[in-house]
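Please read the structure below before turning to the comments.
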Amino acid sequence: MEYKDEMRKLIDIVKQQSFTAPLQNTLDDMKVLTTAVKDLNDRIEIRVRKSLVGDDDKAKMKMKTKAVKKAKPFPSISPPTQTQQNSTQTALPTSNAVTSTATTQMDYNKAKDDFVAKQTVLQPIKPITTQ
């Protein structure tokens, strides 16, 4: 239990220093603790895997890893022939029509005229002067 007590003391020191130590030191301490936890987690995972895999399973796994099978092609996809490859490289797509337009001075003039028309509707009525 001695190592657990030392570990708890170190964790308590890091916790206590996190309030008073500079932020950079606190982040470094946190990084060290995180790395230690990750390493311990990896080691425990390796131990569990070894305990779950028996001697017979190890031999089977070694046999399986040595034999490499060739990948089968997808049955629904056939590889393109030479003529299909040539036609797709030279042909341009025609299904997408070009729809770009440029903004002209006429467009600006229309927008200005519309704005002026809307503003004149909103202007107050001018009183008629009497003579």
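The values are calculated or read from the model by the stated rules, or taken from the named source; none is laboratory data. In this text the structure is predicted, and so the values were computed from the model without any measurement. Note that we place each Cβ from the backbone using ideal geometry, even for glycine, and neighbour counts take in every protein chain shown. Ligands, DNA and RNA are stripped out before the accessible areas are found, and what is left, the full protein with its side chains, is counted by its heavy atoms. Shrake-Rupley method; radii C 1.70, N 1.55, O 1.52, S 1.80 Å.
The slack between D113 and K4, meaning 0.36 nm per residue of separation minus the straight C-alpha distance, is 31.0 nm. Accessible surface comparison of T104, T99, T26, probe 1.4 Å, protein chains only, largest first: the order is T99, T104, T26.
Taking the protein heavy atoms of region 1-43 in the context of the full set of protein chains, the accessible area attributed to carbon and sulfur is 62 percent at 1.4 Å.
A crude spin-label estimate for the pair A102 and K50, with each label 7 Å from Cα along the Cβ direction, gives 7.5 nm.
Lys and Arg at +1, Asp and Glu at -1: add these up for the other residues within a Cβ distance under 14 Å of N25 and post the number. Surrounding charge for N25 is 0.
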